[in-house]
Structures are given as structure tokens and as C-alpha cells.
Amino acid sequence: MNQAIENMKTRRSVRKFKADAVPQELIGQVIEAGTFAASGHDRQPWAVIAVTDEDVRRRLSQVNASFFDMDVKDPFYGAPVVIIVLVKKRTPTYLYDGTLCIGNMMLAAHSLGLASCWIHRARQTFELPEWQEWLAGVGLDMTEEWEGVGHVALGYAAGDLPVARPRKEGRVFYVK
Ligand SMILES: Cc1cc2nc3c(=O)[nH]c(=O)nc-3n(C[C@H](O)[C@H](O)[C@H](O)COP(=O)(O)O)c2cc1C
């Protein structure tokens, strides 16, 4: 099978990571692949922040867990890297663009032997004043309105990749 298609079909969301650090070079490759995603009018309205700092990662985990109404230990499943994707909210296609950026990164990660999982609740996190302040500290242009699209938990899988569930039937149509 074509390698790119094989990669798409074998990528899985991983929910158990080794603590091993990911080389910066690989993190860079994953992010670069994300920034090559298609976007409406090629506006590339995203900002991507890779967090490996343990304290920030812990605080991201805590705030993410706070949006659950049950006890969650670490919504990032121990992944050593958390990649945040935000998009300029005033861009008409911002949500589609940000989503595609994340999709590219997850596929790139898999092709490099890395594991990933989309972790939600970025919108809620980056609506909080303290996290808005943090974004300003990172260097984002805060004259823009940024919305968190998602996080990518990134690292090395602890154990085998999960097996994909069967694809739903009756969802694909050919009109010839
Ligand atoms: C928009 C979106 C949000 C998601 N949020 C989470 C999340 O917060 N936590 C999580 O463990 N998985 C999350 N996932 C992963 C999905 O649960 C996963 O993609 C789905 O179960 C299919 O599994 P697969 O990715 O292995 O094909 C999210 C996926 C998407 C696309």
C-alpha cells in the first residue's frame, strides 16, 4: 500500500506514554508538517506552542483536568510534550484550519515513530485570563483574538498501538 495512506490508516490515539524525552529535531519536524496544512486563502492563522517545560506542562494538565466533572489524574497521559494549537478567531475558516494543522501533526508524528493524541479543552484553557497572560509572555500578538483549538500530546507509546475500530458503514457514497 502507498506509504502515506498506510500511515493514515495505522495512526492511532495513544493514551499511555513513556517518560522518554522527544528529540527537539523530531518535535520541529512534527510542527513544521502542521504548518504545511491547507488553510482557507492560505491564511495560516495558527500559532503552535510546544511545551516541554515540566512546570508549565503540569499546570496545563491541572487546568485541563479542572474542566472534567470527575477526577482525572493527567489528561495528557504522561506525554512529555504538549503541543498547543491556537488560531486567530477573526479568520472565517479558523476552526477548520486549526483542525487540519493538528491532523497533519498527528500523521507526521506517527510517520516518525512517535505517538500522539488530540487532547481537547484548549478553548476553555486559553480563555482564562492567566493563560491569556501566559500567551502574551510566550510572544503571541495579543492584539489578535486567539482561540485554543486543541493540544497534541506527543511522545513514545508505552506498549503497542491500539487497533482501529471498524469504520462505520453506510457513510460513503459514490454518485457516478
Ligand atoms: C476534536 C477531538 C477531540 C479529542 N479529544 C480527546 C481528548 O480530550 N482526550 C482523549 O483521550 N482523546 C481525544 N480525542 C481522540 C479521539 O478519542 C480519537 O481520535 C478517537 O477515539 C478515534 O481513535 P483514533 O484516533 O485512534 O483513530 C479527540 C479527538 C478529536 C478529533
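Things worth noting here:
- Per residue, in Å², the accessible surface of the chain once ligands and nucleic acids are set aside, probe 1.4 Å: 60 Å²
- Amide H within-cut-off set for V51, under 5 Å, with H built and near neighbours excluded: V82, I83, I84
- Carbon plus sulfur fraction of accessible area for the chain, probe 1.4 Å, in percent: 52 percent
- Distances between placed amide hydrogens fall under 5 Å for A115 paired with G155, Y156, A157, all partners being 5 or more residues away or on another chain.
- Max mean-square fluctuation residue, GNM over the chain, Cα-Cα springs under 10 Å, options R15, R43, R57: R43
- Based on C-alpha pairs under 8 angstrom that are at least 6 apart in sequence, region 3-155 has a relative contact order of 34 percent.
- For region 1-51: rounded, prolate or oblate by the Cα gyration tensor [a/c cutoff 1.5]: oblate
- Taking label points 7 Å from Cα along the Cα-to-Cβ direction, R58 and M70 give a separation of 2.6 nm.
- Most mobile of M106, M70, M142 in a GNM of the chain (Cα contacts under 10 Å): M70
- The overall shape of the chain is oblate: from the C-alpha gyration tensor, with semi-axes ordered a ≥ b ≥ c, the ratio a/c is 1.5 or greater and a/b is no larger than b/c.
- In Hz, Karplus ³J(HN,Hα) per residue of region 143-149 (6.51, -1.76, 1.60; θ = phi - 60°; x = Gly, Pro): 7, 8, 9, 9, 10, x, 8
- From helices alone, the chain scores -11500 deg cm²/dmol at 222 nm; the rule is -39500 (n - 2.57) for each run of n ≥ 4 DSSP H residues, then divide by the residue total.
- Gaussian network model of the chain, springs between alpha carbon atoms under 10 Å - residue of A38, A164, A115 with greatest fluctuation: A164
The values are calculated or read from the model by the stated rules, or taken from the named source; none is laboratory data. Bear in mind that the values here come from a model prediction, so they are computed numbers and not experimental data. In this analysis, Cβ positions are derived from the backbone assuming ideal geometry, glycine residues included, and neighbour counts consider all displayed protein chains. Calculation scope for accessible area: heavy atoms of the full protein, side chains included, ligands and nucleic acids excluded. Shrake-Rupley method; radii C 1.70, N 1.55, O 1.52, S 1.80 Å.
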